[in-house]
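The values are calculated or read from the model by the stated rules, or taken from the named source; none is laboratory data. Given the structure is predicted, the values throughout are model-derived calculations rather than measurements. Cβ placement follows ideal geometry from the backbone for every residue including glycine, while neighbour counts extend to all protein chains displayed.
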């Protein structure tokens, strides 16, 4: 099981980015999404996508991130620009315990130093500044060996097309 912990969420500033973190987590294989600040609008938006496009993950906002980290029984991976190289880290996580639950921490604002210390793996996704959305997508894709994108069964499905949007209701 892969859970995503979003810390430092600021609804007035990070609304779209946190939504995109959640959507990537859902589509790329995470089972749970935990967000530190209570945000009913985010939950409603996410649950609406699950309802229309298929249940991909559950979401809970307003979690106490220190408690989540402190009580986590599996592996803790923190996505950052400062840490082990991505491919090396993914291999090390799988080598440590392929069956362990993994908590992936994705920060919004400056992440407290205690997160770096609590993580089993601080993972650098590239050596250039970029988005946490991209970092999460890359991590999940590598972790699931390129098979991360789920084909979830929902009421609606997006059909790939070079000629415009094609969405069908099933």
field: Every residue from segment 104-137 that is out of contact with any strand residue (DSSP E or B) (no Cβ under 9 Å at 6 or more places or on another chain) and in a helix (DSSP H, G or I)
entry: 113, 114, 117, 134, 137
task: Would you be able to say whether some residue in segment 94-103 is touching a residue at least 24 places away in the same chain (Cβ under 8 Å), touching a strand residue (DSSP E or B) at 6+ places or on another chain (Cβ under 9 Å), crowded, with 19+ Cβ neighbours inside 10 Å and more than 26 Å from residue 13 (Cα to Cα)?
output: yes
message: Against the condition over 18 Å from residue 25 (Cβ atoms), at pLDDT 80 or above, outside any loop (DSSP other than H, G, I, E, B) and in contact with a strand residue (DSSP E or B) (Cβ under 8 Å, 6 or more places away or on another chain), how does residue 165 come out, does it pass?
response: no
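Taking segment 68-90, which residues are closer than 15 Å to residue 140 by Cβ and surrounded by 13 or more Cβ atoms within 10 Å (Cβ to Cβ)?
75, 77, 78, 79, 86, 89, 90
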- prompt: Going through segment 5-31 one residue at a time, which ones are buried (at least 17 other Cβ atoms within 10 Å of the Cβ) and in contact with a strand residue (DSSP E or B) (Cβ under 8 Å, 6 or more places away or on another chain)?
  reply: 5, 6, 7, 8, 9, 18, 21, 22, 25, 26, 29, 30
statement: The one condition residue 129 fails out of (1) in contact (Cβ under 8 Å) with a residue 40 or more places away in the chain; (2) within 15 Å of the chain's Cα centre (by Cα) is (2)
statement: The correct count of residues that are modelled with pLDDT under 95 and surrounded by 20 or more Cβ atoms within 10 Å (Cβ to Cβ) in segment 54-67 is 2
Unmet criterion (only one of (1) at pLDDT 95 or above; (2) in contact with a helix residue (DSSP H, G or I) (Cβ under 9 Å, 6 or more places away or on another chain)) for residue 83: (1)
